[in-house]
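A.B. asks: Quick one: the structure is below, questions incoming.
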C-alpha cells in the first residue's frame, strides 16, 4: 500500500480512504477518438479533474481502388438504353437481315431470280395480302407469299431449246455467255421438221442459259432454257434426272463386268449409285445414269476391260433427242417437260 508523506509533520501517513458509496466515486470519462464531449463534473468535495480529448485518429490514405470507387459514385447515372430500331444490329447468333423477297419467290415457284424480280416489279407478288413492287425488298421468312396466275402464265411463254451437239465440237462454256450460245442457236440451223408453233426471234436468246454440258469428245443432246426452274432441275447439285447414253466400246468385257457396271463399281473410293446398263449391239451399250459426272462412263468401262470410242447422250428425263440431226436445234414441245 502506498503512503502519503505529511509535509507539515514529515511523517508518512496512509492515503485517505476511498468513498464506499459508488455514487460518490469519481467517474472516469471514456472518450472515443475524434469526440469533443465536455468533461464530466466531479462530485463536490473532491478536486476537479479536467480530461482532454485525445487528438482524432488519422484515416489511412485512400488506395487506388477507393479512389476509383469514389469517382464512380460521383459520376452521373448512365442514360437509359434507346429502344432498338430496325437498323440496330441484331444479337449475335441470329440472322442479320431478313431474306430478300426475290429469293423466297424463286424458291416457292422454282423460278430464276430474274423471273422473280420481273414478277415483283410488275406487282404480281403479294406479301400477307399487300402487293410488293419494290426490288430488293426484304420480308419475314414466315410471311404468306402469293403469286398471281398471270406470272405463272408468263413463265410458260419462256422457251427451252434442244440442240444436237456434234462429236468433237466444243460446246459453249458457262463463262462465254450469250455470244457463244447465239453462235449455236441461229435461224439458219433451226430444224426444218420442228412442229413447234414458235418462230425464231432474237428475244428467244435473251436470258437463254445452258443446262448441263458435254465434253468435246462427247456428242448428243444439250438443253438451253429461259426458265430458271428448268435450269435448276437439269444442272442443280441435287438433280436426279435420268440421262441416257449410247456408248460404242472395244475390248473384252470381264465375266462379271455387266454386274459390276450396274451396281458394283467405285470411283475415287466412292461407291457409284446403281446404273442401268445393257447391250444394244455387239459394239454398243446403253447406259442410264441418275447423274453423270465428268468422264464417269469412260472410267467405268476401263475398270471392266472396255475402251470407249464414242459416246452420245440421247435423253434427259422424259425428253429424247429423236431424229434431230447433229448441229441443228428445235423448240421444246408443249407435251415435253424436263
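Since every read-out is calculated from the coordinates, none of them should be taken as a lab result. As the structure is a prediction and not an experimental result, all values here were calculated from the model. Please note: Cβ atoms are built from the backbone with ideal geometry, for glycine as well, and neighbour counts cover all protein chains shown.
A.B. asks: Take 118, 218 and order them by how many other Cβ atoms sit within 10 Å, fewest up front.
C.D. replies: Lowest count first: 118, 218.
A.B. asks: Over all pairs of distinct alpha carbons, what does the Kirkwood formula give as the hydrodynamic radius of the stretch 101-156, in Å? Mind showing how you got there, number by number?
C.D. replies: Working: mean 1/r = 0.0922 Å⁻¹.
Value: 10.8 Å, from the Cα pair sum.
A.B. asks: If you don't mind, there's one more thing I want to ask. Cα gyration tensor of the stretch 208-264, axes a ≥ b ≥ c as square roots of the eigenvalues: rounded (a/c below 1.5), prolate (a/b > b/c) or oblate? Numbers along the way, then the final one.
C.D. replies: Values: a/c = 4.43, a/b = 2.04, b/c = 2.18.
Oblate, since a/c reaches 1.5 and b/c is not below a/b.
A.B. asks: Counting other C-beta atoms within 10 Å, which of 161, 145, 297 has the fewest, and how do the rest follow? Please list the in-between numbers first.
C.D. replies: Working: 161 24, 145 17, 297 21.
Fewest to most other Cβ atoms nearby, the residues stand as 145, 297, 161.
A.B. asks: Next question, about the same structure. If I take R0 = 25 Å and measure r between the Cβ atoms of residue 318 and residue 113 in this structure, what FRET efficiency does the formula 1/(1 + (r/R0)^6) give, to the nearest 0.05? All intermediate terms of the calculation are to be shown ahead of the outcome.
C.D. replies: Details: r = 27 Å, r/R0 = 1.06.
Working from the Cβ atoms, E equals 0.40.
A.B. asks: How do 306, 265 line up, fewest other C-beta atoms within 10 Å first?
C.D. replies: Numbers: 306 20, 265 17.
Least to most surrounded, the residues fall as 265, 306.
A.B. asks: Let me ask something additional. Multiplying the sequence separation of residue 128 and residue 188 by 0.36 nm and subtracting their Cα-Cα distance, what value in nm do you get?
C.D. replies: On the way: separation 60, 0.36 × 60 = 21.60 nm, distance 4.91 nm.
Full-extension gain reported as 16.7 nm.
A.B. asks: So if each residue of separation counts as 0.36 nm, and I subtract the Cα-Cα distance between residue 267 and residue 196, what length gain in nm does that give?
C.D. replies: Taking residue 267 through residue 196 to full extension adds about 21.4 nm, to one decimal.
A.B. asks: In terms of the Cα gyration tensor, with a ≥ b ≥ c the square roots of its eigenvalues, is the stretch 160-317 rounded because a/c is under 1.5, prolate because a/b exceeds b/c, or oblate?
C.D. replies: Details: a/c = 2.41, a/b = 1.93, b/c = 1.25.
In terms of gyration-tensor shape, prolate.
A.B. asks: Rounded, prolate or oblate for the stretch 247-297? Axes are the square roots of the Cα gyration tensor eigenvalues, ordered a ≥ b ≥ c, and the cut-off for rounded is a/c under 1.5.
C.D. replies: Details: a/c = 1.79, a/b = 1.45, b/c = 1.24.
Taking the square roots of the gyration eigenvalues as a ≥ b ≥ c, the stretch 247-297 is prolate.
A.B. asks: Given contacts defined as C-alpha pairs under 8 Å and at least six residues apart, what's the relative contact order of the stretch 242-316, whole-number percent? The partial results should precede the final answer.
C.D. replies: Values: 125 pairs, mean separation 39.3, N = 75.
Once divided by the residue count of the stretch 242-316, the mean separation gives 52 percent.
A.B. asks: Sequence gap at least 6, Cα distance under 8 Å: using those rules, report the relative contact order of the stretch 101-156 to the nearest whole percent. Display every interim value, and only then the final one.
C.D. replies: Values: 66 pairs, mean separation 17.7, N = 56.
With pairs under 8 Å counted, the relative contact order is 32 percent.
A.B. asks: May I pose another question? Set the Förster radius R0 to 22 Å, insert the Cβ-Cβ distance between residue 179 and residue 294 as r into 1/(1 + (r/R0)^6), and round the FRET efficiency to 0.05.
C.D. replies: Numbers: r = 24 Å, r/R0 = 1.11.
So the FRET efficiency works out to roughly 0.35.
A.B. asks: Still on this structure, please answer the following. What percentages make up the Cα-Cα pair-distance distribution of the stretch 211-304 when the bins are 10 Å wide from 0?
C.D. replies: 14, 46, 30, 9, 1
A.B. asks: Right, here's the next one. If each residue of separation counts as 0.36 nm, what is the full-extension length gain between residue 140 and residue 252 once their alpha-carbon separation is subtracted? It would help to have the intermediate numbers written out before the result.
C.D. replies: Numbers: separation 112, 0.36 × 112 = 40.32 nm, distance 6.16 nm.
Fully extending the segment from residue 140 to residue 252 adds 34.2 nm.
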